[in-house]
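**Student:** Pasting in a structure now, in structure tokens, and then I'll have a few things to ask.
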Amino acid sequence: MTASTLQTARVGDALPQLALDPISRLTLALYCGGSGDHNPVHVDSDYARAHDLPDIFAHGMLSMGYLGRMLTDWAPQSALRSFHVRFTAVTHVDDRVTCTGEVVDISETGGKRMVRVAVTARTEATVTLKGEAVFEAG
Amino acid sequence: MIDRRWIGHRMAVGSVLVERGQIALFCKAIGETAPLHHDPDAARAAGFRDVLAPPTFGMALEMLAGKGDLYGVLAEMGVDLGRGVHGEQGFTYHAAICAGDIISFEREVTDLAEKKGGELELITTATRGTNQEGELVIELHNVAVARR
């Protein structure tokens with residue numbers, strides 16, 4: 001990542017992929033603490049079973065955090081203007097999440113160069129998050 | 001079906017101090033190691049007041065602000081959290097959030113919708129976060145999906 005990443009970006013450019021280790025129960029416990037999201041469905045398997053779920057599952061926001069890392073590894077966070085995702089499938093314990101991104105649009109609006117990136121998070125089974133981020137090239 | 005009187009419901013979520021230790025724990029959880037988020041000197045050298053909150057930390061701050069928390073509101077609406085999932089999340093960034101800032105949040109329920117013949121309810125909320133200078137720093141857009 002350099003200061004000119006956004007200036008030299010072109011439509012079709014792929015962001016460097018981010019591949020994560022399998023999600024552990026420890027990760028979910030740390031994410032509960034770090035995120036302030038204490039929904040027991042993410043850490044308490046007794047609670048999960050009491051709600052007819054086979055096991056705890058990961059916060060969707062954990063994967064959005066992974067996508068955020070991919071974005072800020074590529075371009076400066078100070079240039080990030082928006083970031084939005086839809087959660088399309090649940091992420092489970094032991095899933096390996098892979099994050100990918102591609103520049104899909106570059107436009108000049110009011111003298112500002114806006115770079116739009118489409119982002120996807122996947123597990124081995126399925127797409128889990130789909131969304132977009134917009135950077136403003138400085 | 002959730003009572004549509006909830007649309008337009010506004011709540012002051014509360015204020016929260018942005019703390020270095022909380023940012024560090026969040027970063028540990030997501031595997032973020034960049035110095036900007038851990039080292040105040042590195043953050044200041046890059047022009048920030050203190051360590052920088054990473055892009056999705058705004059939602060953590062909203063959860064940590066406590067009062068009128070989204071789960072409490074959803075519970076009041078009759079949503080069983082054990083049968084709810086996160087549908088969408090969006091952030092619009094206006095200014096950096098750094099350790100030492102105090103962020104105040106206000107949230108509004110902006111839409112209620114049903115899908116699959118009422119089997120699923122979608123609850124959309126919009127939250128604004130302002131800092132200690134009264135600056136709008138972040139907007140959050142959340143769609144929660146509740147299963148009956």
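The values are calculated or read from the model by the stated rules, or taken from the named source; none is laboratory data. Just so you know, these numbers come straight off a predicted model, no measurement behind them. Every residue, glycine among them, receives a Cβ derived from its backbone with ideal geometry; neighbour counts consider all protein chains shown.
**Student:** Filter the range B:91-106 down to the residues that are assigned to a strand (DSSP E or B) and touching an Asp or Glu at 6+ places or on another chain (Cβ under 8 Å), then identify the one that is farthest from A:Ala79 (Cα to Cα). Working first, answer last.
**Tutor:** Narrowing the range B:91-106 to residues assigned to a strand (DSSP E or B): B:91-93, B:98, B:102-106.
Cutting the leftovers down to touching an Asp or Glu at 6+ places or on another chain (Cβ under 8 Å) gives us B:91-92, B:98, B:105.
Numbers: B:Phe91: 14, B:Thr92: 12, B:Cys98: 15, B:Phe105: 23 Å.
Within the range B:91-106, the match that is farthest from A:Ala79 (Cα to Cα) is B:Phe105.
**Student:** With the checklist (1) crowded, with 17+ Cβ neighbours inside 10 Å; (2) among the β-branched types (Val, Ile, Thr); (3) more than 8 Å from chain A (Cβ to nearest Cβ) in hand, flag the one item B:Thr56 doesn't pass.
**Tutor:** Just one mismatch for B:Thr56, condition (3).
**Student:** Another question, if that's okay. Name the pairs whose Cβ atoms lie under 6 Å apart, with the first residue in the range A:17-30 and surrounded by 13 or more Cβ atoms within 10 Å (Cβ to Cβ), the second in a helix (DSSP H, G or I) and small (Gly, Ala, Ser), and 6 or more positions between them or separate chains?
**Tutor:** A:Leu30/B:Ala29
**Student:** Count, please, the residues in the range B:16-45 that happen to be surrounded by 15 or more Cβ atoms within 10 Å (Cβ to Cβ) and either outside any loop (DSSP other than H, G, I, E, B) or touching a Pro at 6+ places or on another chain (Cβ under 9 Å) (or both).
**Tutor:** So the count comes out to 18.
**Student:** May I pose another question? Sort out which residues of the range A:1-54 are in a helix (DSSP H, G or I), away from every other protein chain (no Cβ under 11 Å) and over 17 Å from B:Ile30 (Cα atoms), and write them in order of number.
**Tutor:** Let us first name the residues in the range A:1-54 that are in a helix (DSSP H, G or I), namely A:5-8, A:25-35, A:40-42, A:45-50.
If we keep only those that are away from every other protein chain (no Cβ under 11 Å) too, we end up with A:5-8, A:25, A:45-46.
Within the range A:1-54, A:Thr5, A:Leu6, A:Gln7, A:Thr8, A:Ser45, A:Asp46 qualify.
**Student:** Which members of the range B:40-76 meet the condition of being touching a strand residue (DSSP E or B) at 6+ places or on another chain (Cβ under 6 Å) and of a type in the set (Phe, Trp, Tyr)?
**Tutor:** B:Phe48
**Student:** Next question, about the same structure. Being within 12 Å of the chain's Cα centre (by Cα) and either assigned to a strand (DSSP E or B) or surrounded by fewer than 18 Cβ atoms within 10 Å (Cβ to Cβ) (or both) is the requirement here; does B:Glu133 meet it? Break it down stepwise before answering.
**Tutor:** On the way: within 12 Å of the chain's Cα centre (by Cα): no; either assigned to a strand (DSSP E or B) or surrounded by fewer than 18 Cβ atoms within 10 Å (Cβ to Cβ) (or both): yes.
When the stated conditions are applied, B:Glu133 does not pass them.
**Student:** Out of the residues in the range B:86-97 that are of a type in the set (A, V, I, L, M, F, W, C) and farther than 9 Å from B:Asn131 by Cβ, state the one that is farthest from the other protein chains (Cβ to nearest Cβ). Explain how you work it out, then say what you get.
**Tutor:** Within the range B:86-97, the first condition is being of a type in the set (A, V, I, L, M, F, W, C), and the residues that meet it are B:91, B:95-97.
With the extra rule that they be farther than 9 Å from B:Asn131 by Cβ, the set shrinks to B:91, B:96.
Numbers: B:Phe91: 5, B:Ala96: 7 Å.
Applying the filter and picking the extreme gives B:Ala96.
**Student:** Count, please, the residues in the range B:50-73 that happen to be closer than 28 Å to A:Leu53 by Cβ and modelled with pLDDT under 80.
**Tutor:** 7
**Student:** Here is a further query. Which residue is farthest from the other protein chains (Cβ to nearest Cβ), if the candidates are limited to the range A:59-100 and must be under 8 Å from the mean Cα position of the chain (by Cα) and within 17 Å of A:Cys32 (Cβ to Cβ)?
**Tutor:** A:Ser63
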